[in-house]
Amino acid sequence: MYLKKSFNKKRNKTQLSFVQGYRKDGKVKHKVIKNLGYLEDYLDQYDDPVAHFQQIAKEWNATQEVPETIEVRLSEKLPDQCCNRKNLGYAIVKIIYSKLQIREFFQNKQRQLPMEYNLNSIFSLLIFNRFLFPSSKKNAYETKDRFFDHFNFSLDDVYRALSYFSRYSQELQKYLHTRVSDLVGRDPGKAYYDVTNYYFEIPYEDEDSPDMERNVKRKKGPSKEHRKDPIIQMGLLMDSNGIPMAFHTFSGNESEKTNLIPAIQRVKKDYEIGRIIVVADRGLNTSDNTSVLSGVNASDEQNNDGYVYGQSIRGADSEFKKWVLEPEGYITTMEKNKEGKEIPFKHKSRLYAKEITKKDSHGVRRLKMIIYQKQMVYYSEKYAKKQKYERDKAIAKAKDLIKNPTKYTKATSYGCTAYINNISFSKDTGEIVDGRDLSINEEKIAEESLYDGYYSIVTSEKELSDQEIRNIYKGLWEIEESFKIIKSEFKTRPVFVSTEEHIEAHFLICFVTLLVMRVLEQLIGKCHSVRQIRNSLASYSCSYLDQNYYLFDYRDDVILTMENTFELDLSKKIMPLSEIKTIVMYKDAKI
């Protein structure tokens, strides 16, 4: 039962009544329980008549006993257009969304905006949908009734809101940094950075704009999927807990190597971080990035940042390669693997004065300079077997190409051409130009095999032990996993929008969805995988029975974990709508 207010135009008064909602033939109907008269007649009796009668309705609902049985008519049929199944797993996502206070962020922004639709309502729907049922914005809108929340806006409003989401992207990232720090804690002094890209199946590139403002375009570039389609690139910054800190996008034809420093500088300024250690793979280990992060030209040495980079051994200079293969200096210590079992760790390190060349302040001349870094190399038998296995596959493919050159093009021969002498491709067709003089590059194979199993890391943090360097760098796998989650679980592509603002908003939604998932993982102690969480919460759904009761048919270990973490009762097979709404509105989860 609830209090209903309806305005009587003839009497110019507000009618009050207690009303009970129910369903009949799949449609929501209402029955008046008691007419209370007019609001104006109660103004002398109560300070707030509406609040008074709402409290009465609330107390009445609390005293109603749940019936032991529900009458089900076996002959009852569904209407022609009917969808009585709803998801309740999103209530867990909504708890994290609420704890991050995203609603409050958009409420503050909307106070200054002339619009009738609710930005938070649209954003929350897109987050719930991306988390559980990733699809287009249009599909999210069309299936919004699968949730118990009411979303009162149009599809056009959804697309209008995307422009605002793009506008507030960096502000929201900064805001969420503070909320994550308060909620689960965060070490802002260590950041993991990596880049991926997303292809767009369009036959053209975006045209360049004379506008000097931010100009992210879909351009052809080095696609991670080795496709020729235009791409947009995403740089992702993550903390040591595996929770995203920030992201930025840039055009597909830009180098990922030149986008690292601007991203770090923006985050340091916005998040008010004094010093940051950047952890990145060897692809970002360039002289320019290293010199800036190590503070070669910094006026205040205390503000120098730091780095922990992967280092290519096969692409290093001859002196470094010689040092790696020399047996002197290697020691074997024990370290624990993921299962807690101690395994041997063969490694050595040195402090080294490395000469690098850096662009001058005008970006024209290259200046030589010396930086002091710690270099560490370790050997892994498991890694050696992996490298040999992958190389053997590529060699087998190379041999087949030499035998059947007409079967391959530049695209289909990816990964094996490095082991073939005299191979070239037509720029127009991508076909092999001349397949008669091809041979296996035995020297390259022999050279590579020397370094199987060796991996090197370089760092500005010279006081760190080899074990500490390795442990810090191992955290980089989580950002690689995050990209896999975004792409596979949250289906970042295909991107069903095309303007720059809408594309930015799309990536923001995916970023926040990942952040919500990572925070949820922290709160439950990382006892379930992302896929398990998603599948379970998507499956925790119910079907309407009768008299505002819903039938649940799913329960597993993930649901049990959510019950224990958030002190909810999700065990009931049948629940009334009033109890479901209590779960959906649950905000004060006790962690």
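If the condition is being modelled with pLDDT under 95 and either open to solvent by less than 40 Å² (accessible area, probe 1.4 Å) or within 17 Å of Glu489 (Cα to Cα) (or both), then region 116-128 contributes only Tyr117. Kindly evaluate Tyr473 against the criterion of being closer than 30 Å to Asp305 by Cα and hydroxyl-bearing (Ser, Thr, Tyr). In short, yes. Report yes if some residue within region 516-527 is closer than 26 Å to Met245 by Cβ, touching a strand residue (DSSP E or B) at 6+ places or on another chain (Cβ under 7 Å) and either open to solvent by less than 20 Å² (accessible area, probe 1.4 Å) or not aromatic (Phe, Trp, Tyr) (or both); otherwise report no. The answer is yes, given that some residue of region 516-527 is closer than 26 Å to Met245 by Cβ, touching a strand residue (DSSP E or B) at 6+ places or on another chain (Cβ under 7 Å) and either open to solvent by less than 20 Å² (accessible area, probe 1.4 Å) or not aromatic (Phe, Trp, Tyr) (or both).
Among the listed residues Ser223, Ser181, identify the single one that is touching a residue at least 24 places away in the same chain (Cβ under 8 Å), out of contact with any Ser or Thr (no Cβ under 7 Å at 6 or more places or on another chain) and not β-branched (Val, Ile, Thr). Checking each option against the conditions leaves just Ser223. Kindly check whether there is at least one residue in region 391-400 that is open to solvent by less than 50 Å² (accessible area, probe 1.4 Å), out of contact with any Phe, Trp or Tyr (no Cβ under 7 Å at 6 or more places or on another chain) and farther than 23 Å from Ala280 by Cα. Checked against the condition, which is being open to solvent by less than 50 Å² (accessible area, probe 1.4 Å), out of contact with any Phe, Trp or Tyr (no Cβ under 7 Å at 6 or more places or on another chain) and farther than 23 Å from Ala280 by Cα, region 391-400 yields at least one hit. Of the residues Val497, Val512, the single one that is within 20 Å of Ile232 (Cβ to Cβ) and more than 15 Å from the chain's Cα centre (by Cα) is Val497. Cβ-Cβ contacts under 7 Å between residues 6 or more apart (or on different chains), taken from a first residue in region 403-422 that is over 19 Å from Asp392 (Cα atoms) and of a type in the set (D, E, K, R) to a second residue that is surrounded by 13 or more Cβ atoms within 10 Å (Cβ to Cβ) and at pLDDT below 95, are listed as Lys410/Phe425; Lys410/Gly430.
The helices (runs of 4 or more DSSP H) found entirely in region 482-591 that carry 2 or more residues being in contact (Cβ under 8 Å) with a residue 24 or more places away in the chain and farther than 21 Å from Lys99 by Cα are 500-523, 530-539, 577-584.
Note on region 545-574: among residues that are hydrophobic (A, V, I, L, M, F, W, C) and over 33 Å from the mean Cα position of the chain (by Cα), the one that is nearest to Gln20 (Cα to Cα) is Leu545.
Would you check if Ser543 is small (Gly, Ala, Ser) and either closer than 26 Å to Val184 by Cα or open to solvent by less than 20 Å² (accessible area, probe 1.4 Å) (or both)? Taking the combined requirement at face value, the residue does not satisfy it. Specify the residue that is modelled with the lowest pLDDT; the eligible residues are those in region 201-236 that are buried (at least 21 other Cβ atoms within 10 Å of the Cβ) and touching a Pro at 6+ places or on another chain (Cβ under 7 Å). Filtering region 201-236 for residues that are buried (at least 21 other Cβ atoms within 10 Å of the Cβ) and touching a Pro at 6+ places or on another chain (Cβ under 7 Å), the one modelled with the lowest pLDDT comes out as Arg218. When Arg85 is tested against (1) modelled with pLDDT under 80; (2) surrounded by 11 or more Cβ atoms within 10 Å (Cβ to Cβ); (3) among the basic types (Lys, Arg), exactly one condition is not met: (1). Going residue by residue through region 316-331, is there one that turns out to be more than 24 Å from Gly475 (Cβ to Cβ), open to solvent by less than 30 Å² (accessible area, probe 1.4 Å) and modelled with pLDDT of 90 or more? Yes, region 316-331 has at least one match.
Screening the candidates Phe131, Phe105, Phe151 for the property of being crowded, with 16+ Cβ neighbours inside 10 Å, more than 20 Å from the chain's Cα centre (by Cα) and in contact (Cβ under 8 Å) with a residue 24 or more places away in the chain yields one hit, Phe151.
The set of residues from region 438-453 being open to solvent by 40 Å² or more (accessible area, probe 1.4 Å) and outside any loop (DSSP other than H, G, I, E, B) comprises Ser439, Glu442, Glu443, Lys444, Ala446, Glu447, Ser449.
Restricting region 469-485 to residues that are modelled with pLDDT of 90 or more and among the β-branched types (Val, Ile, Thr), the residue that is farthest from the chain's Cα centre (by Cα) is Ile469. The residue of region 251-272 that is most open to solvent (accessible area, probe 1.4 Å), among those that are in contact with a Ser or Thr (Cβ under 9 Å, 6 or more places away or on another chain) and over 16 Å from Gly283 (Cα atoms), is Tyr271. From the list Lys5, Lys29, Lys10, the one residue that fits, being open to solvent by 50 Å² or more (accessible area, probe 1.4 Å), at pLDDT 75 or above and either part of a strand (DSSP E or B) or under 30 Å from Gln547 (Cα atoms) (or both), is Lys5.
The values are calculated or read from the model by the stated rules, or taken from the named source; none is laboratory data. Quick caveat: nothing in here was measured; it's all calculated off a predicted structure. Ideal geometry is used to build each Cβ from the backbone, glycine not excepted, and the neighbour counts take in all protein chains shown. In case anyone asks, the SASA skips ligands and DNA or RNA and just uses the protein heavy atoms, side chains included. Shrake-Rupley method; radii C 1.70, N 1.55, O 1.52, S 1.80 Å.
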